[in-house]
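What follows is a short report on a single structure.
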Amino acid sequence: MKKKFDQVYQFKITLVGAKPPIWRRIQVPETYTFWDLHVAIQNAMGWEDYHLHEFKMVDPSTDSVVCIGIPDEDFGRELLPERRRKIAKYFSMKNRSAGYVYDFGDNWEHKIQLEKILPREKGATYPICIKGERACPPEDCGGLWGYADILEVLEDPNNEEYEELLDWVGEDFDPKHFDVAEVSFSDR
């Protein structure tokens, strides 16, 4: 059964260091945990959720920076369990930003900015992506530097790596393309 909620949190998620900027604006229920927010970010950005991730932000109850994710004893640092942490306990208009890292190898850093807390719109289905810019980089491409290299090769059909990269990213890959109508949210 879905939890009832009255408010939605509007976030802007920006891929740090991407030029031109790659970002999404999403609205999610106030009842979300950090796990739910992770899934919504994955869906909105276009990531495939193949890798580890973590959130980092100030815990307003202690005023100290905490890391929230999936605890793993082998990982070597303490993570608060994201499935038990509600976003409403951490985000407020006074505590508006967090970091989110996806794939510690490629190190995709995202800035999460709470823009507004709004009343739930009658008849609306949440989560929802309401805006964004540019395509998400492909998984396992080597971070921002690897992605920049891919874009450079794709601009030159005479490059010896062109055909191989085109096969990998797909012939229809357009780094400028983003359409909110193509965002689909899974319910995990």
Could you give me the residue pairs with C-beta distances under 6 Å whose first residue belongs to the stretch 119-131 and is farther than 24 Å from His177 by Cβ and in contact (Cβ under 8 Å) with a residue 24 or more places away in the chain, whose second residue is surrounded by fewer than 11 Cβ atoms within 10 Å (Cβ to Cβ) and of a type outside the set (Lys, Arg) wherever it lies, and which are 6+ apart or on separate chains?
-> Arg120/Asp6
In the stretch 118-135, residue nearest to Asp6 (Cα to Cα) [restricted to those that are modelled with pLDDT of 95 or more, within 21 Å of the chain's Cα centre (by Cα) and assigned to a loop (DSSP other than H, G, I, E, B)] | Tyr126
Out of the residues in the stretch 44-67 that are surrounded by fewer than 20 Cβ atoms within 10 Å (Cβ to Cβ), in contact (Cβ under 8 Å) with a residue 40 or more places away in the chain and within 20 Å of Pro137 (Cβ to Cβ), which is nearest to the chain's Cα centre (by Cα)?
-> Gly46
Among the candidates Phe173, Phe178, which residue alone is at pLDDT below 95 and either in contact with a helix residue (DSSP H, G or I) (Cβ under 8 Å, 6 or more places away or on another chain) or surrounded by 17 or more Cβ atoms within 10 Å (Cβ to Cβ) (or both)?
-> Phe173
If we scan the stretch 144-164, do we find a residue that is of a type outside the set (S, T, N, Q), part of a strand (DSSP E or B) and surrounded by fewer than 18 Cβ atoms within 10 Å (Cβ to Cβ)?
-> no
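The values are calculated or read from the model by the stated rules, or taken from the named source; none is laboratory data. In this text, all values refer to a predicted model and were calculated from it rather than measured experimentally. Here Cβ is always computed from backbone atoms with ideal geometry, including for glycine, and neighbour counts include all displayed protein chains.
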